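Asker: Attaching a single structure in structure tokens format; questions to follow.
The values are calculated or read from the model by the stated rules, or taken from the named source; none is laboratory data. Worth saying up front: this structure is predicted, and the values here are computed from it rather than measured. Note: ideal-geometry Cβ built from the backbone for every residue, glycine included; neighbour counts use all protein chains shown. These area figures cover heavy atoms from the full protein model, side chains too; ligands, DNA and RNA do not enter into them. Shrake-Rupley method; radii C 1.70, N 1.55, O 1.52, S 1.80 Å.
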Amino acid sequence: MPRLPRSLVSGDVRRHNLSLVLEHLVRSGPSARSEIAEATGLTRGSITALATALTKAGVLRETDPVASGNGRPITRLELAASDLAILVAQVDADSATALLATIAGDELYRASERHGRPMGNPDAVLDVLAIVVANALAAAIELRRRVVELPIVVFAPVGGEPPVVLTDTDLGWGEVDVIGGLRSRLASLPGPVSLESDAWLAALAERAVLSSTESMLYIKSNSGIGGAILLEGRPVEGAHGVGGALGHIVIVPDGELCDCGQHGCLVTVAGPDVLLERAGLADLVAERGLAAAIDELSSQIAAGATPAAAAWDDALPWIARSLQVLSMATDPEAIVIGGFWAAHTASIEQAFRANRPTLAGPREGAPAIPAVVAGRLGADAALLGATWAARDRLLADPGRLGV
């Protein structure tokens, strides 16, 4: 049998094995060398050599010895990477946010600043984004952290190369080069810098906290309505990056004209702006911001207060019908409800089950198909998704960690 190429022996195999060790520690927490060897299938000798390299590079550290079952003290390895950080920047309909986190996902710094939702004026929003990113970079310097990833999260579809916002109906944007705009405002940015849509990041984050869910439909409402379809654990982005734009499913025959150019989109009958208007809370958006107005709307719906509860009851059949169509098209294991809708998952599921086909059951004693569950990560879902995705990219390329 011919020998493996030198580059594969010295580079790819070692990088793969380093990734196995790091991924195990991320998912399982501090572990003994023997536990890592058993979980990864690598030899104890290989684990010792890899752990030594990772420890010297500052990526791993040993915990204090603790007593084991046989009475001998045992040390475990845990992620350290004490000089590295991930910086996530996010733009939503109200604010710009910067989150600085360790490789292990521990929060180091967070700041948000409202941009006031200047419709159709991306420069004003990018000015605020540049401020929060600059402040976070300053915090990283003060904390003696080197930023190794800078994902930028937007609540809009992303496409193209280099990636740009394709359109953002929440902010009245057409195509906007967010990365280019940020670079023009800041002297230097740590790399790599990426631009990513919030919905699929939130979906991947929610999937990470669910058990054994490979096929999932995620739908959420905060500034608008969005979502993602995950098949075999991967998001369906489509040919142009707009797969999962669930708010723009045409569901109402001869419905109202949507900002996207279609008639009868789900967002025209169940979007937050529509519900706020029908609930008599639209003025709160200008006074306190969209997020605060939606919190008040959600509280009034939960309390059964009219007209908010009546507006929600009118929207429920359209939400349910959209989920019924999507469910039959994708056959997910679970439908995860995110954004402020998560607090109202029970009423969404009731409306969904009211017209649910029985093609896949139900069998006596078996769980309902698909499961309809509330998202667990709240408003931080996309931020956490971006942090975890950046971490996974780093773990897949340990050379960027200095090893």
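Asker: Give the residues of region 197-240 that are at negative phi, among the hydroxyl-bearing types (Ser, Thr, Tyr) and assigned to a loop (DSSP other than H, G, I, E, B), sorted by residue number.
Answerer: Those that are at negative phi, among the hydroxyl-bearing types (Ser, Thr, Tyr) and assigned to a loop (DSSP other than H, G, I, E, B): Ser211, Thr213, Ser215, Ser223.
Asker: From the list Ala104, Ala138, which residue is open to solvent by 30 Å² or more (accessible area, probe 1.4 Å), farther than 27 Å from Ser223 by Cα, among the small types (Gly, Ala, Ser) and assigned to a loop (DSSP other than H, G, I, E, B)?
Answerer: Answer to the check: Ala104.
Asker: Separate question: Ser347 - would you say it is crowded, with 20+ Cβ neighbours inside 10 Å, in contact with a helix residue (DSSP H, G or I) (Cβ under 9 Å, 6 or more places away or on another chain) and among the polar types (S, T, N, Q)?
Answerer: no
Asker: Answer yes or no as to whether Arg376 is among the basic types (Lys, Arg), at pLDDT below 90 and surrounded by fewer than 16 Cβ atoms within 10 Å (Cβ to Cβ).
Answerer: no
Asker: How about region 40-50: which of its residues are surrounded by 17 or more Cβ atoms within 10 Å (Cβ to Cβ) and either assigned to a helix (DSSP H, G or I) or not hydrophobic (A, V, I, L, M, F, W, C) (or both)?
Answerer: Thr40, Ser46, Ile47, Leu50
Asker: For Asp313, work out the one condition from (1) more than 15 Å from Ile335 (Cα to Cα); (2) modelled with pLDDT of 90 or more; (3) touching a strand residue (DSSP E or B) at 6+ places or on another chain (Cβ under 9 Å) it doesn't fulfil.
Answerer: Unmet condition: (3).
Asker: Another question, then. Which pairs turn up if I take residues in region 90-108 that are closer than 24 Å to Trp173 by Cα and look for partners that are among the hydroxyl-bearing types (Ser, Thr, Tyr) with beta carbon separation below 6 Å, at least 6 apart in sequence or on another chain?
Answerer: Every condition considered, the pairs that remain are Gln90/Thr97; Asp92/Ser223; Ala93/Ser223; Ser95/Ser112; Thr97/Ser112.
Asker: Considering Ala81, Ala53, which residue is assigned to a loop (DSSP other than H, G, I, E, B), under 21 Å from Asp392 (Cα atoms) and modelled with pLDDT under 90?
Answerer: From the options Ala81, Ala53, the qualifying one is Ala81.
Asker: Related question: So for region 252-267 (the condition being in contact (Cβ under 8 Å) with a residue 24 or more places away in the chain, in a strand (DSSP E or B) and surrounded by fewer than 17 Cβ atoms within 10 Å (Cβ to Cβ)), does at least one residue qualify?
Answerer: No; the residues of region 252-267 include none that is in contact (Cβ under 8 Å) with a residue 24 or more places away in the chain, in a strand (DSSP E or B) and surrounded by fewer than 17 Cβ atoms within 10 Å (Cβ to Cβ).
Asker: In region 286-315, how many residues are of a type outside the set (D, E, K, R), in a helix (DSSP H, G or I) and in contact (Cβ under 8 Å) with a residue 40 or more places away in the chain?
Answerer: Qualifying residue count, region 286-315: 8.
Asker: Within region 324-333, take every residue that is touching a strand residue (DSSP E or B) at 6+ places or on another chain (Cβ under 6 Å) and assigned to a helix (DSSP H, G or I) and give me the one that is surrounded by the most Cβ atoms within 10 Å (Cβ to Cβ).
Answerer: This residue is Leu326.
Asker: Just to check your reading of the model, which residue among Arg117, Arg183 is closer than 27 Å to His240 by Cα, open to solvent by 30 Å² or more (accessible area, probe 1.4 Å) and part of a helix (DSSP H, G or I)?
Answerer: Arg183
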